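Heads up: the structure comes next, in structure tokens.
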There are 2 protein chains.
Amino acid sequence: MTFPVVGMVGGGQLARMTHEAGIPLGIRFKLLSDTPQDSAAQVVSDVVIGDYRDLDTLRDFARGCDVITFDHEHVPFEHLRALEADGIPIRPGPDALVHAQDKGVMRARLVEIGVPCPRHRIVADAADVAAFAQEVDGFPVILKTVRGGYDGKGVWFVRSREEAEEPFRAGVPVLAEEKVDFSRELAANVVRSPHGQAVAYPVVESRQVDGVCDTVIAPAPDLSEELSGQAQELALRIAADLDVIGHLAVELFETTDGRILVNELAMRPHNSGHWSQDGAVTSQFANHVRAVLDLPLGDPRPRATWTVMCNVLGGDYPDMYQAYLHCMARDPQLKIHMYGKDVKPGRKVGHVNTYGDDLAEVLERARHAAGYLRGTITE
Amino acid sequence: MTFPVVGMVGGGQLARMTHEAGIPLGIRFKLLSDTPQDSAAQVVSDVVIGDYRDLDTLRDFARGCDVITFDHEHVPFEHLRALEADGIPIRPGPDALVHAQDKGVMRARLVEIGVPCPRHRIVADAADVAAFAQEVDGFPVILKTVRGGYDGKGVWFVRSREEAEEPFRAGVPVLAEEKVDFSRELAANVVRSPHGQAVAYPVVESRQVDGVCDTVIAPAPDLSEELSGQAQELALRIAADLDVIGHLAVELFETTDGRILVNELAMRPHNSGHWSQDGAVTSQFANHVRAVLDLPLGDPRPRATWTVMCNVLGGDYPDMYQAYLHCMARDPQLKIHMYGKDVKPGRKVGHVNTYGDDLAEVLERARHAAGYLRGTITE
């Protein structure tokens with residue numbers, strides 16, 4: 001058969017779950033991973049161990065792949081261009097991916113296409129930050145390294161000019177953003193294929209703790225049809241205008257005065273879409289695979305009234321197996337997703353999904369399981 | 001973490017789909033496969049290529065596995081005993097598995113524990129068959145090789161003493177069974193764990209074409225609650241009495257006079273349970289993994305009113321990829337499961353699942369997709 005080979009760069013849990021979703025599709029998977037112990041490397045047959053920052057490694061890896069896609073945004077832009085010049089389909093392509101790699105480029109482009117964003121500016125030093133703060137109703141403001149931040153890393157909540165010194169010490173470009181007065185965070189997830197087909201998942205509510213995603217509720221409770229439609233249209237428009245191929249997560253603020261503003265973009269399967277594995281007809285992972293291969297996309301609609309995802313973070317106790325037994329016994333409907341990672345405090349090592357008709361109960365079940373696995377709940 | 005390693009003997013599609021189900025559970029998988037091209041070997045990281053009929057190969061393979069389970073029933077009984085003597089947990093164990101390996105042993109044991117079976121007898125030659133036929137209202141009767149038959153292979157529908165010569169030519173033991181007057185075939189699937197927990201899936205209807213499973217409907221339409229309960233209890237009783245660990249499929253005849261009789265047993269995930277991947281809270285594959293590891297079992301209840309599975313058989317055209325594109329485009333809710341196998345006429349190369357509230361529509365969608373992939377439907 002001529003079933004294609006997907007080359008996945010990066011061995012994290014997103015690659016692991018994309019491989020899982022590719023198995024029933026009959027798709028062959030080839031993985032470029034840093035180490036054989038990486039989450040995805042544990043479960044994929046065809047693994048190349050190597051450094052994604054090295055162009056020769058990428059070129060060797062790309063041989064025998066029908067398309068290249070990504071577990072993360074860190075492959076250097078110029079390498080992606082070089083691979084593209086070699087004739088390898090890169091999905092999403094470098095011209096799209098740069099918007100997920102560089103927050104400065106992303107903001108400039110979104111403003112250009114009329115997408116509502118927090119007020120922002122590239123800043124060179126603390127004085128710049130202070131001037132920006134004056135324009136946006138004063139401190140606090142948010143500073144972000146333009147490249148490489150995630151899960152609260154590379155992000156500073158700055159309350160004064162003095163606190164604004166720190167982010168510049170690394171000597172990397174910094175973006176300042178107003179502190180948005182938001183009531184909650186939402187995410188609009190869409191998937192788009194090369195021939196332009198696109199699907200939109202229900203807009204979800206995403207709750208963060210200490211800058212890390214903690215809970216996702218699908219669909220977002222009490223979200224007006226109007227805002228939900230706006231968020232989906234916005235995400236579809238960004239996907240089309242930026243020519244994104246594959247999964248695009250648009251993280252949003254819902255402001256206290258009822259608007260939505262774009263916070264971040266991710267061009268790969270995303271934590272805010274993990275609920276779809278057990279809660280949607282077609283998961284984000286399956287649709288990402290389908291999109292990068294230009295296969296017809298699957299139905300993104302929910303299968304349950306409510307689906308809740310809670311991340312499982314590592315706690316103080318390194319062995320989760322006994323807690324895992326307990327959670328399975330307590331809730332036979334619980335959907336556990338473990339990443340095969342060593343437990344370290346605060347590290348994402350898995351997630352759980354629950355679904356049903358009663359949101360309070362569905363939420364309680366997911367929270368209990370995640371808390372029990374982490375060790376913060378002990379009964 | 002101390003997450004365990006499951007050793008899977010056999011590289012077919014059942015192993016492939018069990019691995020897929022083990023990924024979210026965080027379970028490590030080690031595979032003993034005949035060739036690197038086998039269905040499961042394409043998607044598992046830790047693969048040993050070797051012959052399951054060789055005890056030394058099995059012993060080498062078992063090192064580093066916390067438990068051994070199976071994709072098929074063909075590992076020699078005495079090898080399983082030897083591994084067990086080495087201290088390796090074998091699940092299901094040899095004393096259970098022998099009932100799936102040897103139809104003579106199976107029939108004798110089921111009769112002993114009071115399970116209703118077709119009338120049957122071990123026969124030595126055509127004269128024996130003729131004598132048996134006289135006792136069961138005459139020809140036709142069914143002859144089966146006691147070991148090694150599957151999917152209609154090793155089974156003869158015999159209309160006369162003359163036709164009864166053929167099965168004895170191979171010189172292997174043969175079982176004669178009456179031709180049961182049945183209205184349809186059912187399957188009762190259960191999963192049992194070492195500590196004795198067991199779950200029962202809804203009883204399904206299984207339709208065969210030319211001795212090969214074609215369509216499975218879950219739950220079996222118009223099955224009385226009484227017969228459904230009887231079938232589930234029967235399967236749970238067989239699992240307990242035979243000390244089956246893991247998935248047990250009990251294939252049944254529903255007779256025209258409203259009884260159920262046991263046709264075959266399989267002690268592994270089974271074609272009649274494939275619907276559960278998309279139609280049940282916990283699939284047969286996930287529950288098989290949970291059972292062999294003595295983890296608490298997951299909920300076997302259906303997620304949809306109706307789920308239909310149709311097998312995808314190979315047709316005359318060796319490349320299914322274009323047909324696969326067409327099916328995805330036609331039905332975005334279709335769940336395709338491809339096995340990564342080369343297409344040969346009549347070979348099972350995948351299956352499709354559909355689900356919904358309207359049985360006629362759900363059935364039509366599954367049949368259309370399976371027929372289109374095979375090439376017997378061209379619009």
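The values are calculated or read from the model by the stated rules, or taken from the named source; none is laboratory data. Everything numeric in this text was worked out from a predicted model, so none of it was measured. When we count neighbours, we look across all protein chains shown, and the Cβ atoms used for this are built from the backbone with ideal geometry, even at glycine.
Some points to look at:
- Filter result for residue A:160 (more than 17 Å from the chain's Cα centre (by Cα), more than 22 Å from residue A:104 (Cβ to Cβ) and in the same structural domain as residue A:294 (by TED's automatic domain parsing)): no
- Among the conditions (1) assigned by TED's automatic domain parsing to the domain that holds residue B:281; (2) surrounded by fewer than 20 Cβ atoms within 10 Å (Cβ to Cβ); (3) not charged (D, E, K, R), residue B:199 misses just one, which is (2).
- Test set (1) away from chain A (no Cβ under 14 Å); (2) within 15 Å of residue B:72 (Cα to Cα); (3) among the hydrophobic types (A, V, I, L, M, F, W, C) - residue B:262 fails condition number: (2)
- In the set (1) touching a residue at least 24 places away in the same chain (Cβ under 8 Å); (2) within 14 Å of chain B (Cβ to nearest Cβ); (3) surrounded by fewer than 19 Cβ atoms within 10 Å (Cβ to Cβ); (4) of a type in the set (A, V, I, L, M), residue A:291 fails one condition alone, (3).
- Residue, nearest to residue B:292 (Cα to Cα), within the range A:312-326, restricted to residues that are surrounded by fewer than 22 Cβ atoms within 10 Å (Cβ to Cβ) and in contact (Cβ under 8 Å) with a residue 12 or more places away in the chain: A:326
- Any pair with Cβ under 6 angstrom, 6 or more apart, that starts in the range A:332-346 at a residue that is at the interface with chain B (Cβ under 7 Å from one of its Cβ atoms) and free of Cβ contacts under 8 Å to residues at least 24 places away in the same chain and ends at one that is part of a loop (DSSP other than H, G, I, E, B) and surrounded by 20 or more Cβ atoms within 10 Å (Cβ to Cβ): A:332/B:298
- In this structure, residue A:275 qualifies as under 22 Å from residue A:17 (Cα atoms), touching a strand residue (DSSP E or B) at 6+ places or on another chain (Cβ under 6 Å) and either in contact (Cβ under 8 Å) with a residue 60 or more places away in the chain or more than 14 Å from chain B (Cβ to nearest Cβ) (or both).
- Residue in the range A:231-241 that is of a type outside the set (Gly, Ala, Ser), within 30 Å of residue A:371 (Cβ to Cβ) and more than 13 Å from every other protein chain (Cβ to nearest Cβ) present: no
- Checking each residue in the range A:40-64 for being within 14 Å of another protein chain (Cβ to nearest Cβ) and acidic (Asp, Glu) picks out only A:46.
- Residue, surrounded by the most Cβ atoms within 10 Å (Cβ to Cβ), within the range A:234-271, restricted to residues that are among the charged types (D, E, K, R) and under 29 Å from residue A:360 (Cα atoms): A:254
- Whichever residue in the range A:300-331 is away from chain B (no Cβ under 11 Å) and in a strand (DSSP E or B) and, among such residues, is nearest to residue A:190 (Cα to Cα): A:302
- Test: residue in the range B:293-304 that is within 18 Å of residue B:202 (Cβ to Cβ), under 15 Å from the mean Cα position of the chain (by Cα) and not hydroxyl-bearing (Ser, Thr, Tyr): no
- Residue count for the range B:25-39 under the criterion of being touching a residue at least 12 places away in the same chain (Cβ under 8 Å) and either within 7 Å of chain A (Cβ to nearest Cβ) or over 19 Å from residue B:246 (Cα atoms) (or both): the result is 9.
- Scope the range B:128-150; condition charged (D, E, K, R), crowded, with 16+ Cβ neighbours inside 10 Å and either without any contact (Cβ under 8 Å) to a residue 12 or more places away in the chain or part of a helix (DSSP H, G or I) (or both); matching residues: B:128
- Test result for residue A:164, assigned to a loop (DSSP other than H, G, I, E, B), of a type in the set (A, V, I, L, M, F, W, C), without any contact (Cβ under 8 Å) to a residue 60 or more places away in the chain and closer than 17 Å to residue A:121 by Cα: yes
- Across the range A:207-228, the qualifying residues are those that are among the acidic types (Asp, Glu) and on the phi > 0 side of the Ramachandran plot, and the one among them that is surrounded by the fewest Cβ atoms within 10 Å (Cβ to Cβ) is A:222.
- Strands (runs of 3 or more DSSP E) wholly inside the range A:1-118 that include at least 2 residues being within 23 Å of the chain's Cα centre (by Cα): A:5-9, A:28-33, A:67-70
- Failed item in (1) touching a Pro at 6+ places or on another chain (Cβ under 7 Å); (2) away from every other protein chain (no Cβ under 14 Å); (3) surrounded by 15 or more Cβ atoms within 10 Å (Cβ to Cβ), with residue A:14 passing the rest: (2)
- Check on residue A:56, touching a helix residue (DSSP H, G or I) at 6+ places or on another chain (Cβ under 8 Å) and acidic (Asp, Glu): no
- Here the range B:332-356 is the region considered, the condition is being basic (Lys, Arg) and not in a strand (DSSP E or B), and the residue that is farthest from the chain's Cα centre (by Cα) is B:344.
- Among the candidates B:234, B:227, B:252, B:297, residue that is in the same structural domain as residue B:364 (by TED's automatic domain parsing), over 30 Å from residue A:293 (Cβ atoms), assigned to a loop (DSSP other than H, G, I, E, B) and hydrophobic (A, V, I, L, M, F, W, C): B:297
- Exclusive hit being buried (at least 18 other Cβ atoms within 10 Å of the Cβ), out of contact with any Pro (no Cβ under 7 Å at 6 or more places or on another chain) and in a helix (DSSP H, G or I), set A:360, A:366: A:366
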